[in-house]
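Scroll down for the structure; my scribbles are underneath it.
Each reported figure results from applying straightforward, stated rules to the coordinates on display, with no laboratory input. What you see is a predicted model; the values in this text were computed from it and never measured. Backbone-built Cβ (ideal geometry, glycine too); neighbour counts: all protein chains shown.
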Amino acid sequence: MEKLGIKEKQLLPSQTVFHGIVPGLSCSPIGKIKIDVLFGDKTHFHREPIWFDVVDLDSPYHALLGRPALAKFMAAPHYGYLKMKMPGPKGIITIAGDYQKSLTCAAASSQLAESLVIAEEKRLLDRDVAMTSEQPAIPSDPKDAEAQGSFQPA
């Protein structure tokens, strides 16, 4: 947020919850903001205001454009070629991705997801261990269990 010059007081409340960014985990945004997004250069461009949900996550990605944003730009992405085409005032605008940066981001997000899942599994395991340590120990001899039980046969 600081690099974009956005202050936290500029964020509006958001009711969105993200699921599936990290397997098994969900996160809530700290707010949302409307920013003008521009594709192209100063002579041939397409600009639209887009709502962004701001999330406090360690991620190699700075922004994710979802289907509503792509629909607003009338963009046609091709994930295999890392290209996206959209209409502009002077014809089609083509945006080409960077394969090396894509691989770097994919590797970093995979490591992030793995570390977050491991941390969540550790938290759940610690909770289970704490719950089992609170339960009274079960005697190993069944006769001791009968003597300790509150039910007494007639």
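Can you tell me which lysines have their Cα less than 23 Å from the Cα of Lys122? Leave out same-chain residues fewer than eight positions away.
Excluding near neighbours in sequence, the set is empty.
Give me, ordered by chain and number, the residues 5 or more places off Gly88 or on other chains with an amide H under 5 Å from its own placed amide H.
For Gly88, the qualifying residues are Ile93.
Which cross-chain or sequence-distant (5 or more) residues have an amide H under 5 Å from the amide H of Val54, H modelled 1.01 Å from N in plane?
So Val54 has HN proximity to Ile30, Gly31, Lys32, Ile33.
Please report the relative contact order for the stretch 8-133, taking Cα pairs under 8 Å with a sequence separation of at least 6, and give it as a percent rounded to a whole number.
Values: 147 pairs, mean separation 23.8, N = 126.
Once divided by the residue count of the stretch 8-133, the mean separation gives 19 percent.
Rank-order 92-104, 76-88 by packing density, defined as the average count of other C-beta atoms within 10 Å over each peptide's residues, highest first. Before the final figure, lay out each step's value.
Details: 92-104: 11.6, 76-88: 13.4.
Those peptides, ordered most packed to least, come out 76-88, 92-104.
Ranked highest first by the average count of other Cβ atoms within 10 Å around their residues, in what order do 3-13, 111-121 fall?
Numbers: 3-13: 10.3, 111-121: 13.3.
Top to bottom by mean Cβ count within 10 Å: 111-121, 3-13.
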